[in-house]
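Working notes, structure below.
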Amino acid sequence: MAVKTVHVHLKVNGKDVELDVPPNERLIDTLRYRLKLTSVKEGCGRGECGICIVLVNGLPRHSCLTLTAAIDGAEITTLEGLAPEGKIHAIQMAFLETRGVQCGYCTQGFIMMAKALLDKTLDPSYEEIKEWLSSTLCRCGSYHYYFAAVKLAAKYIKEGKIYFDEEEVKKKYYMRVVGR
Amino acid sequence: MSKPEYVDIVEKVFSETKEKKTEEFRVIGKRIVKYDAIPKILGKPIFTADLLNLFKDVVFVYSVRSKYAHAWIKKIDVSDALKYPGVITVLTAKDIPGVNDVGYVIPDQPLLADKKVRMIGDTVALIVADSLENARDAADLVSVEYEPLDVILDPLKIVEWGGLREKEHTLIHDERGSDVLSRYKIRRGDIKKAEQEAAVVVENEYRTPMQEHAYLETEAAIAVPEPDGSVTVYAKTQCPFDTRKAVATVLGLPFNKVRIIAPPLGGGFGGAEDVGNEIAAKAALAAIKLGRPAAVLYTREESIIGHSKRHPMIARYKHYARRDGTLLGVQAEIILNTGAYASLGPFVGWRAVVHSTGPYKVPNAHVDLAVVYTNMVYAGAFRGFGNPQVTFAVERQMDLLAEELGIDPVELRLKNILRNGDRTVHGQLLDHGVGLEEAIRKAVEAAKWYEKRRLYSQQKGLLRRGIGIAVFYHGNSIGAEGADFSTATIIIQRDGSIVFRTGLTDFGQGNIQGLINIAAEILGVPPSYFKVEWPDTASTPDAGPTVASRSTVMGGNATLVAAYKLRQRLNKLAGEILGCDPDDIVIEAPKVYCRSDPNLSMTWQELVEQSFWKGVPIQEFGYFRAPPAEWDEETGQGAPYMHYTFGAIISDVEVDIETGVVRVKEAVTAYDIGRVINRVGADHHAIGGYIQGMGYALMEDIYHAPDGRVYNTNLSTYHIPTGLDIPDKIKPIWVEAGFKRGPFGAKGLGEPSIVAIAPSIANAIAHALGGGFKVNKDVNKHPLTPDYVYSIIKKHGLIKKYKG
């Protein structure tokens, strides 16, 4: 049905975005289909599974329960915005290295929660990590790996290793140049 | 009888490497980072719904579901829906050009119901609109006139104990004339004799729940009409070749005019088998009708009422044994509730009956199993496929028997388990590779079984610990269910990089990385050389379905055969170029050299380039077919599967006697998988399978209202384990007893990793509750939710008993 739109200004992953959206448009749809940020996944549409979590003004928020029109002026970070072009963020690196990724559909929700937690403290206790990451469901059962990843990420960040070079990582893990 | 070449190759590689320790391999058994882990942690658009952004002018297809769980359809009026803004068309059964059926094993399930609805999730019409929102809104405007019928949810209204005869009832599948889908039996020895000789008989009834897969990616399909009248469908499906068959059937097209591409799946667990066919058919129908790309995207609510579940089971078991614990016989009646449609029910029933007496020597057995229809949401494939249900009953029975006899549960199992040289209840000789005893012994040691069992038996107070064991076996691949083959293609590119193609799908389980590991090990290249193509029915030969723990064994063998043949040719060519014997060639890409004189060397890239100049083809297709299985319908005798995975699980739990709340504190899993191919994937199965099994044991069940509606249609009401529910420690242990017809001796693990979790937890809970045989006997169904556990505590006055 044709509806009136609302003008919204957002800062998404550091870039200014001007949008005209229907008042009932969910943030998850704005991100996935208007801005093509498909790291944001839908699992339940009710704020239960936590895989659509993004950072809104630095705090984790279910994008499936957020109306885009209601957050005019907000700063949003998605997985795509964790590291500059060509870089991999320490948290992503830690998730890669602890080898917890199975189907990978929930992973972004865990990474975003890890980011929110590590923005708060770089010395989270195991209980704290569990508590924070319990926001997100993983049906393959990678929880233990993800908890370990947060510890490792904290270590990297404390050591000042915030970004890793994407090409270097790819070379190390799966795109070794053949024949040299 | 001469063996096919591919069997020879597999057996040769096994015999040459069987003494080799897994640590000594270059790639096999190593903790390799998954080939697709980087795009996944970067959030790249790789899942089906992510691809939507690539298409223009897409129409959205929304399913109008039934309002009744059982009713005749009198009339469908879509005129109001057609007037809704944005609606382009509304499709009903009469719009289907081919056959209106998506039944997986038998044709009993219309894509669009036109005569009758049999469950709440049945689709009666498809709204096609310019947006998903408009399509959903218009769904309410489709007016369907129903004549409601009796809703039957309890399978005991369909069949009765004492032979499982069908009772008088309102038929759900009147077109079949019966609501018993299929029956299976095992007849071995003489159960009357076992009854006469037995010193003890243990008898109980068991119930297991309807588990939902709850994969986090809900169903998605995008169909694109092609100029030549064919259709390409990107779909969340585990089995692209079966999906192609379903779409072709519905559209009335030959197979070569339907192309299915299966992007990575956000979880499958068996649930993305038949619903994959259904969503692909719905999208393809709209795409063909309108000549525009069409998308089907399910919400969680649609997913839960619209795809198959794990069959709930009700069973009555009698175990006969001697005073010393030797099993004399098993008698059982088992009912599996397949809900509204057969789906894979006939095969689930068969797998259940095959495993219905557990991994034990059972000289006398009399088992009857019936798979029956009801008006529940339909049940189909789910990791374990009938085995978790019967294993729950069998392993609870073993613990009851142990308590009755005063024997330790581990000792009772060790007395009766299958070992090399034993025959299964089907009369199948297990002549090698039975690692069950080793698995039990290793698990017992790692879990400190004897120490804890003794300690917990003497504890006092209201927070009580318990430790329980369960063991199992699980036939690999599809056995006597059907033609059991797989394929793989390896194409070495001119720059030395490699394209790998298989029709087996990746839903996170680590199978495809396993195939890469096998190919890399044989070829002598790093796994990083491989690029894995998405399964595509247009470019990959039929590899069979991605089910039944068959990828590593069947796909692995096909991969091994292809890699082996390539390696033979490359060795020969390198030998000619470097001037040494082909057997002397070592490939450690990028280096290629002669073992006897490493100075004679070249690079992998040079070798590949030379193969183009010297006319040596460097692409190969691998095929493997399992030896045909044997099964006698009348007696359940034969060799149902070519081999079995074995395992032992020990769970350590805490039960709060005042609330009935159960927490798993620690767990040990020991699996004999022949050989660990992909260590990361294997650990993931052991741990992830445990967590999913723990959900099955403690919290998960789909609850139907009396009218057939589902109460828990989202994750807010259907609870799966979160990070706070799981034990801090789940220890995987690997036993590698080998299997001569597995790649490097490997066996499957996907399904086995959930089979015995629930009974190990139930046995631990029974131990924690204490209180003797009667209490133990009441732990006879799951999920073991706090209210159910508390009902047992209350019934037996355990609070009073332990408070004092």
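Where a number appears in this text, it was derived from the coordinates with a stated rule and is not lab data. On a predicted model such as this, the values are computed, not experimentally measured, just so you know. Using ideal geometry, Cβ is built from the backbone for each residue, glycine included, and neighbour counts are taken over all protein chains shown.
When the label point is put 7 Å from the Cα of residue A:122 along its Cα-to-beta-carbon vector, which residues of the range A:70-101 have a backbone N closer than 19 Å? Counting only backbone N, you get A:82-84, A:88-95. The label-point distance for residue B:803 and residue B:423, in a model that sets each label 7 Å from Cα toward Cβ, rounds to 5.7 nm.
When the charge dipole of the range A:6-81 is built from unit charges on Cβ atoms (+1 for Lys and Arg, -1 for Asp and Glu) and taken about the Cα centre, the candidate among A:67, A:30, A:79 whose Cα reaches farthest toward its positive end is A:79. Think of the range B:103-178 as having a plus end and a minus end, set by charges on the Cβ of Lys, Arg, Asp and Glu; of B:149, B:124, B:134, B:149 sits farthest toward the positive end of this dipole. The magnitude of the dipole of the protein assembly as shown, with charges of +1 and -1 set on the Cβ of Lys/Arg and Asp/Glu and taken from the Cα centre, is near 1680 debye.
Looking at chain B, send over the antiparallel percent of its DSSP beta bridges, to the nearest 5. Mind showing how you got there, number by number?
Values: 102 of 130 bridges.
Here the antiparallel bridges make up roughly 80 percent for chain B.
Given R₀ = 25 Å, what would the calculated FRET efficiency be for residue B:169 paired with residue B:143, taking r from the Cβ atoms and rounding to 0.05? FRET efficiency, residue B:169 to residue B:143: 0.25.
Between residue B:538 and residue B:634, what is 0.36 nm times their sequence separation minus the Cα-Cα distance? Round to one decimal in nm.
30.4 nm
In the protein assembly as shown, helices alone account for a calculated mean residue ellipticity at 222 nm of -9000 deg cm²/dmol, with every DSSP H run of four or more residues adding -39,500 (n - 2.57).
Ranked by the mean number of other Cβ atoms within 10 Å of their residues, highest first, the peptides B:225-235, B:590-600 come out as B:225-235, B:590-600.
Taken along the Cα-to-beta-carbon direction at a fixed 7 Å, the label points for residue B:176 and residue B:661 span 4.4 nm.
Given R0 = 35 Å, the distance between the Cβ atoms of residue B:228 and residue B:569 translates into a calculated FRET efficiency of 0.40. Our coupling estimate for the range B:603-618, obtained by passing each phi through the Karplus curve with A = 6.51, B = -1.76, C = 1.60 and θ = phi - 60°, is 9, 4, 5, 5, 4, 5, 4, 4, 5, 5, 6, 8, x, 9, x, 10 Hz, Gly and Pro reported as x. Unpaired cysteine residues in chain B (no second Cys Cβ under 4.7 Å): B:239. A dipole drawn for the range A:87-173 from +1 and -1 charges on Cβ atoms has a positive end, and of A:95, A:173, A:117 the residue lying farthest that way is A:173.
In this simple spin-label model, placing a label point 7 Å from the Cα along the Cα-to-Cβ direction at both residue B:200 and residue B:75 gives a separation of 6.7 nm.
Here the extension length gained between residue B:192 and residue B:787 equals 210.3 nm, from 0.36 nm per residue of separation less the Cα-Cα distance. Taking the empirical scaling 2.2 N^0.38 Å for compact globular proteins as reference, the range A:87-173 has a Cα radius of gyration ratio of 1.02. Taking the fewest neighbouring Cβ atoms within 10 Å as the starting point, the ordered list for B:191, B:32 is B:191, B:32.
Return a whole-number percent for the relative contact order of chain B, with Cα pairs under 8 Å and 6 or more residues apart as the contact set. Working shown, then result.
On the way: 2068 pairs, mean separation 132.4, N = 804.
Relative contact order for chain B comes out at 16 percent.
For the range B:526-565, backbone nitrogen atoms closer than 16 Å to the point 7 Å from residue B:493 Cα along Cα-to-C-beta are found at B:526-534. Provide the percentage of antiparallel DSSP beta bridges, counting only those with both residues in the protein assembly as shown; round to the nearest 5. Counting only bridges with both partners in the protein assembly as shown, antiparallel ones make up about 80 percent. Can you run the Rg to Rh ratio on the range B:370-495? Use alpha carbon positions and the Kirkwood inverse-distance Rh. Ratio value, two decimals: 1.10. Overall, the range A:6-81 carries a charge dipole of about 220 debye about its Cα centre when +1 sits on the Cβ of Lys and Arg and -1 on the Cβ of Asp and Glu, all other atoms neutral. Stokes-Einstein diffusion for chain B, with the hydrodynamic radius set to the Kirkwood value over Cα pairs and evaluated at 25 °C in a medium of 0.890 mPa s, equals 89 µm²/s.
Dipole magnitude for chain B: computed about the Cα centre from +1 point charges on Lys and Arg Cβ and -1 point charges on Asp and Glu Cβ, it is near 1620 debye.
May I ask you to compute the full-extension gain from residue B:101 to residue B:794, defined as 0.36 nm times their residue separation minus their alpha-carbon distance, rounded to one decimal in nm? Working shown, then result.
Values: separation 693, 0.36 × 693 = 249.48 nm, distance 4.97 nm.
This chain segment gains 244.5 nm when fully extended.
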